[in-house]
Amino acid sequence: MFTTIIVQPLYNLLVGAYNVLGNDLGVAIVMITVLIRLVLYPLANAALKSQVAMQEIQPKLKVLQEKHKGDREGLARATMGLYRESKVNPLSSCLPVLIQLPFLIGIYWALQTAVSGNSFELLYPFIRHPGSLNPIAFGFLPMGKPSIALAVIAGAAQWWATRMLLARRPPPAIAAKGGKDEDMMSMMNKQMSVMMPIMTVVIGATLPAGLTLYWFVTTALQGIQQHLMFRRKPTAESP
């Protein structure tokens, strides 16, 4: 069922793009990555807004924790009230990640199928049979083998996107109420901005370059989406 619903459509989309875009597997991967991001854009946009909103209300949550120390029920009611007042759903930021996971797995198997070149029976009747797929992208990069250079580039894109998101800070006057908790949160944010790119490089260096290319492009598009949103909505520190 997973093959029929996820892998086969992605495989046909990949082969169709390959046929149309000059028989270049790398260009085809970039194109379907853009299409997937466009399909998931409304969910990703809602999740990003929720994530930013959660960051902005963190100082208020710290104040509530101090105010209702030892009163779990009171804290729970006050927290839910703050969520309603701020129109924040703390679970909404997880949804796009869960939805994208099947696409990531599907892209992996579709790419493996395309590189192996022995599963053209998965093609729909209206998709032209290419005979074979050239695994060399952009004239020099094998899509079926790991690429350390591409993994490093994907890690750099992850660093950029993560730093941009974590750079948003609450106003100093409010943040000061968080005291040591704010300092600890700041330290955790800095560690995350380093660890996530490192993990991207380590994992990307073990995956086929086609999948790493997909991860790089989708991360870069995420960063662009964040940049456009933050440009429209200044940080809390801005006048």
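The values are calculated or read from the model by the stated rules, or taken from the named source; none is laboratory data. It should be emphasised that the depicted structure is a prediction, and the values quoted were computed from it without experimental measurement. Ideal geometry is used to build each Cβ from the backbone, glycine not excepted, and the neighbour counts take in all protein chains shown. Side chains included, ligands, DNA and RNA excluded: accessible areas come from the protein's heavy atoms. Shrake-Rupley method; radii C 1.70, N 1.55, O 1.52, S 1.80 Å.
Subtract the Cα-Cα distance of Ser132 and Ile198 from 0.36 nm times their separation in residues, and report this length gain in nm to one decimal.
Here the answer is 20.2 nm.
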message = Modelling each spin label as a point 7 Å along the Cα-to-Cβ direction, I'd like the Met80/Asn23 distance in nm, to one decimal.
response = 6.3 nm
Dipole of region 1-115 [Lys/Arg +1, Asp/Glu -1 at C-beta], most positive-end residue of Asn23, Val52, Ala78 = Ala78
task = Calculate what fraction, in whole %, of the accessible area of region 1-128 sits on carbon and sulfur atoms when a 1.4 Å probe is rolled over the protein chains.
result = 64 percent
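Rg(Cα) of region 1-47 divided by 2.2 N^0.38 Å?
Expressed relative to 2.2 N^0.38 Å, the Cα Rg reads 1.29.
Skip the ligands, DNA and RNA, and give the accessible area per residue of region 29-167 with a 1.4 Å probe, whole Å².
Per-residue value: 58 Å².
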task = Show me 42-51, 206-215 ranked by packing, highest mean number of other Cβ atoms within 10 Å first.
result = 206-215, 42-51
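Taking the radius of gyration and the Kirkwood hydrodynamic radius from Cα positions alone, what is the Rg/Rh ratio for region 13-85, to two decimal places?
1.42
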inquiry  = Applying a 10 Å radius around every beta-carbon, put 102-108, 191-197 in order of their mean neighbour count, most first.
reply    = 102-108, 191-197
